[in-house]
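Enquirer: Handing you a structure now.
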Ligand SMILES: [Zn+2]
């Protein structure tokens, strides 16, 4: 538990450092989501992607199930493995796009994640922890 606490505090220092570097935080500004590419198009493509890939890539990986297959087939394998269907809530960029428009829209660089995996594992990976 103490270890987790340390990790959390390390993670939370990063955004504050970022916003102190950039004048006018892009995280809080009203125009930020559109300016960063998370506008209407993203909302639309994200929803479509989640329909096609409704399950969390990391949950599936932990269960030893391949993410790159039909959702129905994945559902059957989860049932066979005796685990609940790990529904995803978030579409994540596998490789951080860092403003790279091409990488941002490349669906081969997308994966569906559940909220838990998105906030926990992904931030840890991006921080190189
Ligand atoms: Zn998950």
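Enquirer: Express in nm, to one decimal, how much length is gained between residue 44 and residue 66 on full extension, taking 0.36 nm for each residue of separation and deducting their alpha carbon distance.
Expert: Value of the extension gain: 5.4 nm.
Enquirer: Which whole-number percentage describes the relative contact order of the range 37-129, with Cα contacts under 8 Å and a sequence gap of 6 or more?
Expert: 31 percent
Enquirer: Just the number, please: Stokes-Einstein D of the range 40-129 in µm²/s, Kirkwood Rh from C-alpha pairs, 25 °C, 0.890 mPa s.
Expert: 180 µm²/s
Enquirer: For the residue pair residue 85 and residue 121, what label-to-label distance in nm results when each label sits 7 Å from Cα along the Cα-to-beta-carbon direction?
Expert: Here the modelled spin labels are 2.0 nm apart.
Where a number appears in this text, it was derived from the coordinates with a stated rule and is not lab data. Bear in mind the structure is a predicted one, so any value in this text is a computation, not a measurement. Neighbour counts run over all protein chains shown; Cβ positions are idealised from the backbone, glycine included.
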